[in-house]
Amino acid sequence: MAKFASAGEMVLKGIYQGKDLYIINPMLDIGEEYCAYEVTINEKPFDDVINSSAFRITLAYVGLEFGQEYEVIIKHHDDCTPKLVNPEVLKPLSTYELVDYEIGYNNMLKFTTHNESGQLTFYIEEYRWDRWIEVGQIPGEGGPDDREYSQKVYPFNGENQFRIYQVDNLNRKFYSDTLTFEIDKEPVKVTTPSLRKVKKEITFSSETYFAVINEFGEELITGSGTVVDVSPLKKGEYFLNFENEYVVFKKK
């Protein structure tokens, strides 16, 4: 983020990702003097040469570590404005590395990351019903050290596939490899006596993801649990996705 805190002072805040800042520094009308005259990084003086039409602020100069927050203050004369050439380096990129993962107790998908340059959200998706569906979002903590996260999931009997991704400031998605688990469990079943005359709800033998879809392919109800409340639906036929299959029911 770049802003002018007051006349003669430019403040740049960002996350260090191994990239330096490049500044265009106009010459003053009075001669061989330039606009910017002092630079600090996290309150430490930057003593490299800045008295030129362009200069580089080497952020590693003050010992910044990857993923560390920083604040650069550029003091300049009131009648001119320095310009940051590469403002994109102030914003975090997706640099995480997935180092471990498992489905543990109580169906918690646990994963460990390393080397997060910024606090970007993790999106968790599962492949079922012939497509990838989002099953959770977790705020990333950022930083170079290992970070541990967990998300409640509802795996079905058989092969389950998950993936994780982040979206950076350029709206690019960075996906993990597919995480595959072979699950051996009792399949979830519909326990509602008849699906030809449903009035209020449909029940399952245990918790599962579900989605109610109309004849146009629109998802009208989504969620997880043992009960689907279909009372708001109009009369007609609908598809009910659950586990890794679907059934047709008729709303009365």
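The values are calculated or read from the model by the stated rules, or taken from the named source; none is laboratory data. Nothing here was measured: the structure is a model prediction, and the numbers come from that model. Please note: Cβ atoms are built from the backbone with ideal geometry, for glycine as well, and neighbour counts cover all protein chains shown.
Structure values in brief
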quantity: Selection from region 128-146 of residues that are surrounded by 14 or more Cβ atoms within 10 Å (Cβ to Cβ) and touching a residue at least 40 places away in the same chain (Cβ under 8 Å); calculated: R128, W129, I133, V135, G140, G142, G143, P144
quantity: Yes/no for V190 being touching a strand residue (DSSP E or B) at 6+ places or on another chain (Cβ under 7 Å), of a type in the set (A, V, I, L, M, F, W, C) and surrounded by fewer than 13 Cβ atoms within 10 Å (Cβ to Cβ); calculated: no
quantity: Residue within region 56-79 that is of a type in the set (G, A, S) and surrounded by 16 or more Cβ atoms within 10 Å (Cβ to Cβ) present; calculated: yes
quantity: Candidate set: region 169-187, residues that are in a loop (DSSP other than H, G, I, E, B) and touching a strand residue (DSSP E or B) at 6+ places or on another chain (Cβ under 7 Å); chosen: the one nearest to Y209 (Cα to Cα); calculated: T178
quantity: Boolean, K199 is loosely packed, with under 12 Cβ neighbours inside 10 Å, free of Cβ contacts under 8 Å to residues at least 40 places away in the same chain and out of contact with any helix residue (DSSP H, G or I) (no Cβ under 8 Å at 6 or more places or on another chain); calculated: no
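The rows are residues; the columns are (1) outside the structural domain of Q161 (by TED's automatic domain parsing); (2) touching a residue at least 40 places away in the same chain (Cβ under 8 Å); (3) at positive phi.
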| position | (1), (2), (3) |
| --- | --- |
| Y175 | no, no, no |
| P193 | yes, no, no |
| E207 | yes, yes, no |
| I213 | yes, no, no |
| F216 | yes, no, no |
| V230 | yes, no, no |
| F239 | yes, no, no |
